[in-house]
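What follows is a short report on a single structure.
The values are calculated or read from the model by the stated rules, or taken from the named source; none is laboratory data. Bear in mind that the values here come from a model prediction, so they are computed numbers and not experimental data. Cβ: placed from backbone, ideal geometry, glycine included. Neighbour counts: every protein chain shown. Areas reflect the complete protein model, heavy atoms only, side chains present, ligands, DNA and RNA absent. Shrake-Rupley method; radii C 1.70, N 1.55, O 1.52, S 1.80 Å.
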Amino acid sequence: MIKNGVYAAGLSILNADKSLDVKSTIIHAESIIKSGLHGVFFFGSTGQSQLISISEKKDLISKTATSKFKKQFYFGTGVNSLKDSLDLIRYCMEYDFQTFLIMPPAYYKGNTDKGVYDFYAEIIGQIPKVKIILYNFEKLSGYLFNADAIKKLVKDFPKQIIGCKDSSYNLFETLKIPDFKLFPGSEAKLLKGLELGCNGCISAVVNVTHSLARKVFDDFEKKKPQTINEKVIKVRETFDQYPLIPALHSFLLAEDDKYQNLLPPLTLLDTKTREDLLNKLKEFNFTSLKNIAA
């Protein structure tokens with residue numbers, strides 16, 4: 001069962017031929033856990049999951065099983081196909097991964113509460129041991145979860161529907177369900193969420209703000225004064241001014257050129273825009289992973 005904490009929506013690193021660099025993707029995930037994160041979710045939206053092939057996903061899944069951080073790894077399915085979702089979940093379970101971040105199928109407009117309910121019910125009906133964290137992100141899926149829809153899923157499937165990543169931010173302030181974990185999708189909302197009873201966050205930008213976000217979490221847990229939260233919010237708000245995946249990869253290029261490849265139609269920030277991003281981050285003494293401390 002996933003614990004309270006700060007989790008990354010992990011990046012996927014690609015080879016020059018646009019294939020998934022499995023080894024480097026795992027090393028990146030391990031490194032940000034070492035830097036403070038409680039865990040990493042592979043194949044979420046930040047990991048370009050919709051663009052990565054099933055066979056490459058399975059290759060990474062099998063390789064993560066040998067990592068000493070295996071218990072801190074989680075997976076999204078990141079596909080629209082029900083059959084592919086079931087296939088990936090079953091494959092993960094062969095390696096003893098049980099918890100999944102699953103967004104409703106995207107692309108087709110007009111997702112309804114009933115249709116989304118049926119999607120999750122079908123997965124649970126075929127794989128009763130699955131643990132699902134709902135992924136609420138209307139911008140990508142075209143569907144906005146509401147409290148009633150989630151309560152019905154939890155009521156009908158209390159052992160399987162265990163939490164929600166709220167990247168639309170319409171739930172984390174008000175939704176209260178016993179034993180149901182709620183993670184806002186931004187570290188800028190981490191402290192506020194914790195104060196309201198949320199369980200942490202699952203975020204893209206903690207790929208680079210990992211140690212800062214962990215300090216916010218730890219200081220809250222220890223009831224210590226917050227000294228870093230304002231910086232966390234400002235850095236996150238700066239990244240949010242740009243396309244998030246290109247911005248993160250463009251920022252990390254200063255550390256390693258392995259971050260230079262993206263799957264089309266995604267592209268890195270152009271030189272001028274990258275300089276603009278870095279100049280804004282300089283205001284908070286945040287220009288590389290070497291100077292992220294307060």
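Quick one: which of Glu187, Glu173, Glu195 is touching a residue at least 60 places away in the same chain (Cβ under 8 Å), closer than 24 Å to Val235 by Cβ and either of a type in the set (Asp, Glu) or touching a Cys at 6+ places or on another chain (Cβ under 9 Å) (or both)? I'd like the intermediate steps shown before the answer.
Numbers: Glu173 fails: touching a residue at least 60 places away in the same chain (Cβ under 8 Å); Glu195 fails: touching a residue at least 60 places away in the same chain (Cβ under 8 Å).
Just a single option satisfies the conditions, and that option is Glu187.
Taking into account only those residues within the stretch 158-172 that are under 23 Å from Gly44 (Cα atoms) and part of a loop (DSSP other than H, G, I, E, B), which is farthest from the chain's Cα centre (by Cα)? Full working, then the answer.
Step one: filter the stretch 158-172 for residues under 23 Å from Gly44 (Cα atoms), giving 159-172.
Subsequent filtering for residues that are part of a loop (DSSP other than H, G, I, E, B) retains 159-160, 167-172.
Details: Lys159: 22, Gln160: 19, Ser167: 9, Ser168: 13, Tyr169: 14, Asn170: 17, Leu171: 17, Phe172: 16 Å.
Top of the filtered list is Lys159.
With the condition kept exactly as written, say whether any residue in the stretch 50-60 is surrounded by 15 or more Cβ atoms within 10 Å (Cβ to Cβ) and of a type in the set (Ser, Thr, Tyr).
No.
Cβ-Cβ under 7 Å, sequence separation 6+ or interchain: first residue in the stretch 254-267 and under 11 Å from Asp21 (Cβ atoms), partner surrounded by fewer than 12 Cβ atoms within 10 Å (Cβ to Cβ) and not hydroxyl-bearing (Ser, Thr, Tyr). Which pairs?
Partner pairs satisfying both residue conditions: Asn261/Ala16.
Give me a count of the residues in the stretch 237-284 that are closer than 23 Å to Ser49 by Cα, out of contact with any Leu (no Cβ under 9 Å at 6 or more places or on another chain) and not in a loop (DSSP other than H, G, I, E, B).
2
To keep it simple, each residue is scored yes or no on (1) open to solvent by less than 30 Å² (accessible area, probe 1.4 Å); (2) closer than 22 Å to Leu281 by Cβ; (3) modelled with pLDDT of 95 or more.
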{"residue": "Lys181", "(1), (2), (3)": "no, no, yes"}
{"residue": "Cys198", "(1), (2), (3)": "yes, no, yes"}
{"residue": "Ala204", "(1), (2), (3)": "yes, yes, yes"}
{"residue": "Lys222", "(1), (2), (3)": "no, no, yes"}
